[in-house]
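Input: a single structure, listed below in structure tokens.
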Amino acid sequence: MGIQAWLLQQLTQFFGLQSLLHVISTGDYRSLLTVGGLGGMLAPLIPLLMVFELLRSIALRKFKREDYQVPLLTLVLNRFIGNFISIAMIGFCIGLFQRFAPFQVGLSWYGLPYGYVVWELSHFVYHFLAHKVRLLWCLHATHHAPVAMNLSVNYAHIFLEGAYADFVRTSICMLLGVSPPLLVLIMIIDMFWGQFIHLGEHVLRDGRLGVLRRVILTPSHHRVHHARNVLYMDTNFCNLLNLWDRAFGTYMEQRDDIVIEYGITREIKPNNLLDAQLGEFYLLAVDVWKAPGLRNKLLYLLMPPGWSHDGNHHTAKLAKLALLQTGSGQSDAAGPAVAAAPTTSPGSEAAPAT
Ligand SMILES: [Zn+2]
Ligand SMILES: [Zn+2]
């Protein structure tokens, strides 16, 4: 394949145009009414919006190369391995767990709301654990590394995170009777929304979306999730409905008196792809290596980021408690407990678009 043909193929894939081009070339426009057709129509929207967002930040003279560099390099890395592993994992979980469901809910008027509530629960579980179990945080931290919000953040994921997320979400959905066709439909809608909520302030200054924020997880909620401000950390884990965040007490609205600072609480080498991808794994390995005894080594893998075997913890939960006890609750920066953490603590996040 010549370089031009290869470039054209890569651009077609990036903009998600394969399905639409296929429909146009075959003239089979009725296929747009199927679940696959819906995915084909939605796929190009976010990449096109990202190009608009990028051009707008250039026009406003606010473009910074480092805001895009690491996420887009990660996209290139993931294109080769991540997608393949994710699809294999979904198929594996369907084969393993669907048979244990006590009932099956398919594509129907009540199936979609039921399936979505279950899907949101499964997404909450995956995402909550990704923040609260340090080994899983290593998989998820790449998504929280960017220090600005824009649509390229969608692509900032270590390739193994997709497999972990799909394992948890697909397993829970299968066990609770969501049929595979319904799951695929929900995944398509969710992928679109999960990408949209990363829209940056250059395009959508106030992401609260009015009264919709009462039930929908808005770009504003997700900006809060990506913040490393102590009060915002570990909140808003849902993706489209904020139902389970409200149920489990992790719901947080954006406050006018707190300026969001994006990123994770440890210093990260700017523009360093290796640090964004593997920095957390390295720090975890150092802690495990130095920890006395097998029990402590295991606990470093399973306890939240910031946990320490000597009791000198710097977790997000303790930092938040300390801040609230001082009575201010107004801080717009990472508090000293977390900022001084020797290891790391989560900034407050998708998935793969999540
Ligand atoms: Zn997160
Ligand atoms: Zn995100």
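The values are calculated or read from the model by the stated rules, or taken from the named source; none is laboratory data. Nothing here was measured: the structure is a model prediction, and the numbers come from that model. So basically every Cβ, Gly included, is an ideal-geometry build from the backbone, and we count neighbours across all protein chains shown.
Yes or no, residue by residue, for (1) among the polar types (S, T, N, Q); (2) touching a Lys or Arg at 6+ places or on another chain (Cβ under 7 Å); (3) closer than 19 Å to Leu135 by Cα:
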position	(1), (2), (3)
Thr265	yes, yes, yes
Asn296	yes, no, yes
Pro304	no, yes, yes
His313	no, no, yes
Ala322	no, no, no
Thr326	yes, no, no
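Inspection of the range 277-293 identifies at least one residue that is closer than 30 Å to Leu42 by Cα and surrounded by 14 or more Cβ atoms within 10 Å (Cβ to Cβ). The set of residues in the range 293-317 that are polar (S, T, N, Q) and under 24 Å from Tyr232 (Cα atoms) comprises Ser308, Asn312, Thr315.
Can you tell me which of Ser86, Ser152 is over 14 Å from Leu183 (Cβ atoms) and away from ligand 1 (no atom under 16 Å from the Cβ)? Lay out the reasoning, then the answer.
Values: Ser86 fails: over 14 Å from Leu183 (Cβ atoms).
Matching residue, one of Ser86, Ser152: Ser152.
For Leu301, the criteria (1) touching a helix residue (DSSP H, G or I) at 6+ places or on another chain (Cβ under 9 Å); (2) assigned to a loop (DSSP other than H, G, I, E, B) hold in every case but one, which is (2). With the condition kept exactly as written, say whether any residue in the range 149-157 is at pLDDT 95 or above, in contact with a His (Cβ under 9 Å, 6 or more places away or on another chain) and either of a type in the set (Phe, Trp, Tyr) or crowded, with 21+ Cβ neighbours inside 10 Å (or both). No. For the range 192-230, a tally of residues being aliphatic (A, V, I, L, M), within 16 Å of ligand 1 (Cβ to nearest atom) and either assigned to a loop (DSSP other than H, G, I, E, B) or touching a helix residue (DSSP H, G or I) at 6+ places or on another chain (Cβ under 8 Å) (or both) returns 4.
All told, Ile189 falls short of being more than 16 Å from the chain's Cα centre (by Cα) and either part of a helix (DSSP H, G or I) or surrounded by fewer than 24 Cβ atoms within 10 Å (Cβ to Cβ) (or both). For the criterion of being aliphatic (A, V, I, L, M), farther than 21 Å from Leu72 by Cα and more than 16 Å from ligand 1 (Cβ to nearest atom), Leu182 passes. For His221, work out the one condition from (1) buried (at least 20 other Cβ atoms within 10 Å of the Cβ); (2) of a type outside the set (Asp, Glu); (3) more than 17 Å from His127 (Cα to Cα) it doesn't fulfil. Going through the list (1) buried (at least 20 other Cβ atoms within 10 Å of the Cβ); (2) of a type outside the set (Asp, Glu); (3) more than 17 Å from His127 (Cα to Cα), His221 breaks only (3).
Exactly one residue out of Arg208, Arg134 is of a type outside the set (Val, Ile, Thr), more than 12 Å from ligand 2 (Cβ to nearest atom) and surrounded by fewer than 19 Cβ atoms within 10 Å (Cβ to Cβ), and it is Arg208.
Take Ser308 and tell me if it is surrounded by 17 or more Cβ atoms within 10 Å (Cβ to Cβ), touching a Pro at 6+ places or on another chain (Cβ under 9 Å) and of a type in the set (Ser, Thr, Tyr). First the steps, then the outcome.
Numbers: surrounded by 17 or more Cβ atoms within 10 Å (Cβ to Cβ): yes; touching a Pro at 6+ places or on another chain (Cβ under 9 Å): yes; of a type in the set (Ser, Thr, Tyr): yes.
It is true that Ser308 is surrounded by 17 or more Cβ atoms within 10 Å (Cβ to Cβ), touching a Pro at 6+ places or on another chain (Cβ under 9 Å) and of a type in the set (Ser, Thr, Tyr).
From the list Gly111, Gly95, Gly115, the one residue that fits, being loosely packed, with under 15 Cβ neighbours inside 10 Å and at pLDDT 90 or above, is Gly95. None of Leu183, Leu240, Leu176 is more than 16 Å from ligand 2 (Cβ to nearest atom), under 25 Å from Val35 (Cβ atoms) and touching a Phe, Trp or Tyr at 6+ places or on another chain (Cβ under 8 Å) except Leu183.
Restricting attention to the range 143-173 and to residues that are of a type in the set (Val, Ile, Thr) and more than 11 Å from ligand 2 (Cβ to nearest atom), the residue that is nearest to the chain's Cα centre (by Cα) turns out to be Ile158.
Contact map, the range 225-241: first residue more than 18 Å from Leu212 (Cα to Cα), second residue among the basic types (Lys, Arg), Cβ cut-off under 7 Å, separation 6 or more or different chains; pairs are Val230/Lys320; Leu231/Lys320; Met233/Lys320.
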